[in-house]
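Presented below is the structure to which this report refers.
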Amino acid sequence: MRAAIFRRPGVIELGDLPVPVPGPGDLLVKVRAASVCGTDLRISKHGHFRIPEGTSRVLGHELTGEVVEAGAEVQGFAVGDRISVAPNVGCGRCAMCAKGLNQLCPDYEAFGITMNGGFAEYLLVPAIALERGNVFPVPDFLSDEVAAILEPMSCCLHGQRAIGVSAADSVLIIGAGPIGCFHTVLAKRAGARQVIVANTRQPRLDIAGRLGADELINVSEQDLHEEVMRLTDGQGVDVVITCVSKPEVIASATGLAGRLGRINVFSGLGDQARPQIDVNSLHYREQILTGTTGSSVTDYGDVIDIVATSDIDLSPIITSRFALEDIAAAMENSRSGQGMKSVIVFEEATR
Ligand SMILES: [Zn+2]
Ligand SMILES: [Zn+2]
């Protein structure tokens, strides 16, 4: 089968791999769509501490596929089913897994990191992923591409659950990439009375506008703090979600939030970055500062339900489609920030 194979930092090669042979508890899945994530870009450039030197890996953890073989012991899934996967498979034994928080499991396995992922014609879904509830049927009316991009959206749902977005809230989302756009959709769906999105690029802001943002702030032309205060009668917003990996953006959040403001640090930072947080703002204005990472299998299932049972149209977030052969261009397109989500789409696969 054709596959894009990560060999070492900076090197992804197109090549042929044997089609995996499923064991009695496994599924063999023909991949239909796999989207490029920031995590794929980071691994392709810097590697990953869970991918030992000398190990080759197929990246890609946001995917939709069709079951083409099911082991004799598999229950609940059969040949012909369309599925997607929550990529992080918890160990099933630790305290975090016991609470259903598999995204915090220290001993996880993950598609596209410790196991091969979706940038190949076929994917082996091992028994542990089925046992831990990481495999989900895709409702008929969700396209392959939309189902593939629900993984990052589930992380956004997880982030918003930590700060409880509701109808009473004005919400500021800093960043209008795919993540900022998913947050926009979810905040609107939660009924937030005002959703403000800030970004440096107008084309991205325009997409956030199409997805329902009430106010757009182009921070390359306007002062973010000034605009937020103007839009909130000088009170600051109720919720700030930072979706930009810049220390100064995270440091600015306490000043943009009002009294009782809740802040979610959604994007992590490079190892060395330690933003200055104004703790007096937290103290005297009783603000809450949270961070979230990834999503649980519950969040993942819930986001499929949310999109399947509403008229949310995520198609503006998918801006480019590529064949597997053009993986380098797909990754470059994502890295450049030109478009939103780049999706690898598969024609009929040959074994
Ligand atoms: Zn991802
Ligand atoms: Zn665990």
Inset, instruction - Restrict the check to the range 27-45 and report whether at least one residue is of a type in the set (D, E, K, R), within 16 Å of ligand 2 (Cβ to nearest atom), assigned by TED's automatic domain parsing to the domain that holds SER334 and touching a strand residue (DSSP E or B) at 6+ places or on another chain (Cβ under 9 Å). - result: no
Checked the range 29-57 for anything crowded, with 24+ Cβ neighbours inside 10 Å and among the β-branched types (Val, Ile, Thr); matches are VAL29, VAL31, VAL36
Of the residues in the range 58-86 that are open to solvent by 10 Å² or more (accessible area, probe 1.4 Å) and within 22 Å of MET153 (Cβ to Cβ), the one that is nearest to ligand 2 (Cβ to nearest atom) is HIS61
Cβ pairs under 8 Å, 6+ apart or interchain, first in the range 74-98 and of a type in the set (Phe, Trp, Tyr) and in a loop (DSSP other than H, G, I, E, B), second more than 8 Å from ligand 2 (Cβ to nearest atom) and open to solvent by 30 Å² or more (accessible area, probe 1.4 Å), ordered by first then second residue, are PHE77/ALA70; PHE77/LEU130; PHE77/PRO137
Of the residues in the range 256-287, those that are open to solvent by less than 90 Å² (accessible area, probe 1.4 Å) and part of a strand (DSSP E or B) come to ALA257, GLY258, GLY261, ARG262, ILE263, ASN264, VAL265
Filter the range 80-109 for residues that are of a type in the set (D, E, K, R) and more than 17 Å from SER295 (Cβ to Cβ); the one that is farthest from ligand 1 (Cβ to nearest atom) is ARG93
Over the range 291-312, the set of residues part of a loop (DSSP other than H, G, I, E, B), touching a residue at least 24 places away in the same chain (Cβ under 8 Å) and surrounded by fewer than 16 Cβ atoms within 10 Å (Cβ to Cβ) is THR293, SER310
> Looking at PHE6, is it of a type in the set (Phe, Trp, Tyr) and assigned to a loop (DSSP other than H, G, I, E, B)?
Replying inline: no
LEU101 vs (1) within 16 Å of ligand 2 (Cβ to nearest atom); (2) open to solvent by less than 50 Å² (accessible area, probe 1.4 Å): all pass except (2)
Contact list, first residue from the range 179-205 and free of Cβ contacts under 8 Å to residues at least 60 places away in the same chain, second anywhere and in a helix (DSSP H, G or I) and open to solvent by 50 Å² or more (accessible area, probe 1.4 Å), beta-carbon distance below 8 Å, six or more apart or interchain, is VAL195/LYS188
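The values are calculated or read from the model by the stated rules, or taken from the named source; none is laboratory data. Only a predicted model underlies this, so the values are computations on that prediction, with no experimental measurement involved. Glycine also receives a Cβ, built like all others from the backbone with ideal geometry; neighbour counts cover every protein chain displayed. Accessible surface is based on the protein model in full, side chains and every heavy atom, while ligands, DNA and RNA are left aside. Shrake-Rupley method; radii C 1.70, N 1.55, O 1.52, S 1.80 Å.
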